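Please read the structure below before turning to the comments.
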Amino acid sequence: MPLFLSSLLVHMRGCARSPSHRSNFHLKVDTARRQLKVTRRVGTVRPQLSFDEPIASFMSQKLPQIRGKTYRPEAVRRVMIPKPGQKGRSRPLGIPTIKDRVVETAAMLVLEPIFEADLQPEQYAYRPKRNALDAVKHVHALLKWSYREVIDADLSGYFDTIPHSELMKSVSRRISDGQMLRLIKLWLEAPVEEHDERGYRRRTTRNKDTGRGSPQGSPISPLLANLYMRRFILGWKVLGHEQRLRAHIVNFADDFVICCRSNANEAMAAMRTMMGKLKLTVNEEKTTICRVPDERFDFSGDTFGKYYSYRTGRPYIGTCPSKGKRQRLCRDISRLTGREWTWLDEKTQVARLNRMMVGWANDFCLGRVRQAYRNVNYHAVKRLVSGCVTGTKCEGNTTGATSGNRTPR
């Protein structure tokens, strides 16, 4: 049996015949189940499996199908979720069934270390020991090194337009196991089920028919998206654009910026040409050239531009949480302090707000954050004491954005 599929089957072996096999199973399958249990399910096509169902009975159904090459993923439920800060606009989210999510997560745990060695250092999303803060620090460092002509790029429906043939070529350069490649192909071409305007279910095979798209919401989709974006970043270096144009890319998920010393227009043309060859679409309305410090731009939830020191009044290039992220947090605070939560006591209500606000402060802790923290704290206090939560009396410290392990600067 080929190496990669053998590893997958060992990790997924639920009907083990010995304690050692059971331990191998617990290494990956139980890990996959715990990961999926932490991330709450938005919805599935049909309730096939609860997280408390014995995993052995579940895997006794799937293992023979994978071994006998009869495994077929169920339809992916397609739902539209609103884009934050963009009224009337939404993005599609593809949600596999729980059984398929377990199988995909087990495969991802096997494949992720293999492809991690190939991903470029400019990629920060969906990778271990990397996050959005690292991407923000990278962009800020480039701005300090005088790379101040920035291409703020946006791709139209990146996850829905990834071509399958080119993506499978990237996968097959590392994975030679035909059965593993077949599994990935099946997940990419899984049928899609959605509800029409009248509420009726409608099943289509749009991904298979068009040869494009990776369900945004499946466990293996972020890894495949990173792998295809790697082609653009690596090609940018191999073709000499990075050195010739002095243009460096920083990527986070489907969002990226190109920081240039000069010749931003030439870099923009080169980027459009490469995206055309990769069969990706550039959103011309949102893709702009920003010249810092005269202009500002948003990336990974932060706004980069010229700010003034609180102490000396001197200008400097820095960051602060973007307006959209602050407004979204305030909306979440308003939602948690609405009238439907009046039955909660004050300690529980304040604890819920503290958890959310401290988490937000940990994500946005770089640069000019003092005023943002004050605005959020003010909104939380106003919501608590304005009578929106009837009978709640806030005592002591009622907010947590500045009382956690981060201190505003």
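Taking the criterion of being in a loop (DSSP other than H, G, I, E, B), touching a residue at least 12 places away in the same chain (Cβ under 8 Å) and of a type outside the set (A, V, I, L, M, F, W, C), the residues of the range 125-158 that qualify are Y126, R127, P128, S146, Y147, R148, S156, G157.
Among the residues of the range 273-311, those that are on the phi < 0 side of the Ramachandran plot, in contact with a strand residue (DSSP E or B) (Cβ under 6 Å, 6 or more places away or on another chain) and open to solvent by 50 Å² or more (accessible area, probe 1.4 Å) comprise K286, T288, R291, R296, K306, Y308. Of the listed requirements (1) among the aliphatic types (A, V, I, L, M); (2) within 18 Å of the chain's Cα centre (by Cα); (3) open to solvent by 70 Å² or more (accessible area, probe 1.4 Å), M229 misses just one: (3). Within the range 219-236, residues that are outside any helix (DSSP H, G or I) reach partners that are buried (at least 19 other Cβ atoms within 10 Å of the Cβ) with beta carbons closer than 7 Å, at six or more positions or on different chains, in the pairs P219/R101; P219/E104; P219/T105; P219/M108; I220/E104; I220/A107; I220/M108; I220/W187. A search for C-beta distances below 8 Å between a residue of the range 169-197 that is among the polar types (S, T, N, Q) and any residue that is open to solvent by 50 Å² or more (accessible area, probe 1.4 Å) and not in a loop (DSSP other than H, G, I, E, B), counting only pairs 6+ apart in sequence or on different chains, returns S170/R230; S170/R231.
Going through (1) at pLDDT 90 or above; (2) crowded, with 19+ Cβ neighbours inside 10 Å one by one, D100 falls short only on (1). Within the range 79-101, the set of residues being in contact with a Leu (Cβ under 7 Å, 6 or more places away or on another chain) and either over 30 Å from L155 (Cβ atoms) or touching a residue at least 40 places away in the same chain (Cβ under 8 Å) (or both) comprises V79, I98, K99, R101.
The values are calculated or read from the model by the stated rules, or taken from the named source; none is laboratory data. Keep in mind it's a predicted model, so treat the numbers as computed, not measured. All Cβ positions, glycine included, derive from the backbone under ideal geometry; neighbour counts span all protein chains shown. Only protein heavy atoms, including side chains, enter the accessible area calculation; ligands, DNA and RNA are left aside. Shrake-Rupley method; radii C 1.70, N 1.55, O 1.52, S 1.80 Å.
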